[in-house]
Amino acid sequence: MTRKLATAIGTVLGVGYIRPASGTWGSLVALPWAWLLHILGGWPLLVAGIVVVYAAGWWATRVMTEGQDNHDPSEIVVDEVVGQWIALLPLSIGAANSGVSMLAMWPGWVAAFVLFRLFDIWKPWLVGWADRRGDPFGVMVDDVIAGVFAAICVVLLAGLAHGVLMR
């Protein structure tokens, strides 16, 4: 029972078994769920979701990789959900502060998705450090860091688009 629950969480209900590019599929499935959390409770609920899914993902990753040589099997995509939600967080905060629909910020969604995938695949600097840890913490936190990097870039791009390009 424990292993089945961990697998359901770690693979995000089987999404991690979709090939090719299971991480991209994990990031894609995160998009409508982020929107739903935003609709139901705004950015505070999205933050709560990030915390809860991170904790569940860390546990699931530990259970799924216990006794395995591969510390980060491709079917584990719960980390992509967390990272993608972090990348989308500036959009949720911006929508709440400006009183517009989060969906109206579609260029930001595209940027958040592409940038998160870029940082997650490329693994620059701290993302690569976390990935090289070779443990469940590293599996989860490399995507957290990639999400933070993507979120920072989303904010910078929004500032550029609205502050410079829109004048």
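Quick notes
- Filtering the stretch 9-27 to residues that are touching a residue at least 40 places away in the same chain (Cβ under 8 Å) and not β-branched (Val, Ile, Thr) leaves Gly10, Gly16, Tyr17, Ser22, Gly23, Trp25, Gly26, Ser27.
- Any hit, the stretch 36-52, residues being of a type in the set (Phe, Trp, Tyr), under 24 Å from Met102 (Cβ atoms) and crowded, with 16+ Cβ neighbours inside 10 Å: yes
- Any hit, the stretch 120-128, residues being touching a residue at least 40 places away in the same chain (Cβ under 8 Å) and in contact with an Asp or Glu (Cβ under 9 Å, 6 or more places away or on another chain): yes
- A count restricted to the stretch 29-41 and to residues that are within 23 Å of Val114 (Cα to Cα), free of Cβ contacts under 8 Å to residues at least 60 places away in the same chain and not β-branched (Val, Ile, Thr) stands at 6.
- Residue match in the stretch 84-93 (condition: under 16 Å from Leu46 (Cα atoms), buried (at least 20 other Cβ atoms within 10 Å of the Cβ) and polar (S, T, N, Q)): yes
- Per this entry, Thr2 is counted among residues that are in contact (Cβ under 8 Å) with a residue 12 or more places away in the chain, surrounded by fewer than 15 Cβ atoms within 10 Å (Cβ to Cβ) and more than 19 Å from Val148 (Cα to Cα).
- Among the residues of the stretch 59-72, the ones that are surrounded by fewer than 20 Cβ atoms within 10 Å (Cβ to Cβ) and not in a loop (DSSP other than H, G, I, E, B) come to 3 in all.
- Check on Leu115, without any contact (Cβ under 8 Å) to a residue 60 or more places away in the chain and under 13 Å from the mean Cα position of the chain (by Cα): yes
- Of all residues in the stretch 94-113, those that are of a type in the set (A, V, I, L, M) and surrounded by fewer than 14 Cβ atoms within 10 Å (Cβ to Cβ) total 4.
- In the stretch 48-105, the qualifying residues are those that are touching a residue at least 24 places away in the same chain (Cβ under 8 Å) and of a type in the set (D, E, K, R), and the one that is nearest to Pro20 (Cα to Cα) is Glu75.
- All positions within the stretch 123-151 that are under 13 Å from Ile50 (Cβ atoms) and hydrophobic (A, V, I, L, M, F, W, C): Met140, Val141, Val144, Val148, Ala151
Every number in this text was worked out from the coordinates using simple rules, so none of it is lab data. Here the structure is a predicted model, which is why all the values come from computation and not from measurement. Methodologically, a virtual Cβ is constructed for each residue, glycine included, from the backbone with ideal geometry; neighbour enumeration extends over all protein chains shown.
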